[in-house]
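Take a look at the structure set out below.
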Amino acid sequence: DVKVTQSSRYLVKRTGEKVFLECVQDMDHENMFWYRQDPGLGLRLIYFSYDVKMKEKGDIPEGYSVSREKKERFSLILESASTNQTSMYLCASRPLNSEPYEQYFGPGTRLTVT
Amino acid sequence: EDKVVQSPLSLVVHEGDTVTLNCSYEVTNFRSLLWYKQEKKAPTFLFMLTSSGIEKKSGRLSSILDKKELFSILNITATQTGDSAVYLCAVEGEYGNKLVFGAGTILRVKS
């Protein structure tokens, strides 16, 4: 079974703090993704990575950065948290495959910025 | 810009009812359409559809894709309270590997 884990289920941070969200997958997948999920907006892609040290911007990268130093780990960084970054953050992975393939999701981190 | 629209946004039914959830899309170089179920945790994969007119079925859930009209439906028959969840539709387009999601349909099944 594919397992995607995220470091925290719930997190409360103050405005201006630097925030790290960690994601680890155990299936040797090349591709990893960070989404945020907000009511009425669905999942929106922040960043993705298709290899170690490689990253690509998604649809809403502003205010975020990422790091992929090891294949199994993909980190999302909020350099200076703001209240509009209060959201559910979901990590996903999938193999690098030329055929259509599902993404496997972690349980999510609910981040509140006060 | 790739776009996925789901309807209805929310739905309340009674146990035993049949429901149909809709997903329409606009995407460059369509590759696949996926349905996920999300309870208070990670979205779990239900179906992937790539070919038009072929129904995918799993128990009381089924889904079909119409590539000409650019939509898919997810049917749930004989609904149970355990079907209460957010149902997400996503499409994979030109750049592959990336999914574009709809806003989701919130389904609540009352006993």
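The values are calculated or read from the model by the stated rules, or taken from the named source; none is laboratory data. Owing to the predicted nature of the structure, the values given are computational and were not obtained by experimental measurement. All Cβ positions, glycine included, derive from the backbone under ideal geometry; neighbour counts span all protein chains shown.
What the table shows:
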read-out: Spans of strands (runs of 3 or more DSSP E) in chain A with at least 2 residues within 14 Å of chain B (Cβ to nearest Cβ); value: A:4-6, A:19-25, A:31-38, A:42-49, A:87-94, A:109-113
read-out: B:V109 vs. criteria under 14 Å from the mean Cα position of the chain (by Cα) and surrounded by 12 or more Cβ atoms within 10 Å (Cβ to Cβ); value: no
read-out: Tally, over the range B:10-47, of residues that are in a loop (DSSP other than H, G, I, E, B) and either at pLDDT 95 or above or of a type in the set (D, E, K, R) (or both); value: 8
read-out: Leading residue by the ranking (nearest to the chain's Cα centre (by Cα)) among those in the range A:15-55 that are farther than 21 Å from A:Y101 by Cα and without any contact (Cβ under 8 Å) to a residue 40 or more places away in the chain; value: A:K53
read-out: Among the residues listed as B:G93, B:G53, B:G59, B:G82, the single one being small (G, A, S) and touching a Lys or Arg at 6+ places or on another chain (Cβ under 8 Å); value: B:G93
read-out: Test: residue in the range B:24-40 that is touching a Pro at 6+ places or on another chain (Cβ under 9 Å), within 19 Å of B:E92 (Cα to Cα) and without any contact (Cβ under 8 Å) to a residue 24 or more places away in the chain; value: no
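A quick yes/no check of all residues on (1) within 14 Å of chain A (Cβ to nearest Cβ); (2) over 20 Å from A:G42 (Cβ atoms):
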site: B:D2; (1), (2): yes, no
site: B:P8; (1), (2): yes, no
site: B:W35; (1), (2): yes, no
site: B:Q38; (1), (2): yes, no
site: B:F47; (1), (2): yes, no
site: B:E55; (1), (2): no, yes
site: B:L74; (1), (2): no, no
